[in-house]
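Derivation of every value follows stated rules applied to the coordinates shown; laboratory data play no part. This is a predicted model, so every value here is computed, not measured. Every residue, glycine among them, receives a Cβ derived from its backbone with ideal geometry; neighbour counts consider all protein chains shown.
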């Protein structure tokens, strides 16, 4: 990938992450899962196609700024979904104990 493709991919991941946050806020688990799969595909594309040469200082700065935004969205998503996942895990554990 060249610099423009790398930054474009990071921007696409950020856009999807914003959509994931909205889906989490709307309690739309199906959409959240679908968007997560899109995000994984883009992440794998970055891993599978490393830059042919190091990013310029300007592009590296942009990449880091985008990553910080992605991480901020991710933290908000986890703050919404983790309590629900813990609750679900407790329900499943409780149900499993009643079955046995």
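A few notes on this one:
- Only listed residue being without any contact (Cβ under 8 Å) to a residue 24 or more places away in the chain, surrounded by 15 or more Cβ atoms within 10 Å (Cβ to Cβ) and assigned to a helix (DSSP H, G or I), chosen from 46, 35, 71: 35
- Of the set (1) surrounded by fewer than 15 Cβ atoms within 10 Å (Cβ to Cβ); (2) part of a helix (DSSP H, G or I); (3) touching a helix residue (DSSP H, G or I) at 6+ places or on another chain (Cβ under 9 Å), all apply to residue 59 but (1).
- From the list 66, 6, the lone residue that is part of a helix (DSSP H, G or I), more than 15 Å from the chain's Cα centre (by Cα), surrounded by 15 or more Cβ atoms within 10 Å (Cβ to Cβ) and on the phi < 0 side of the Ramachandran plot is 6.
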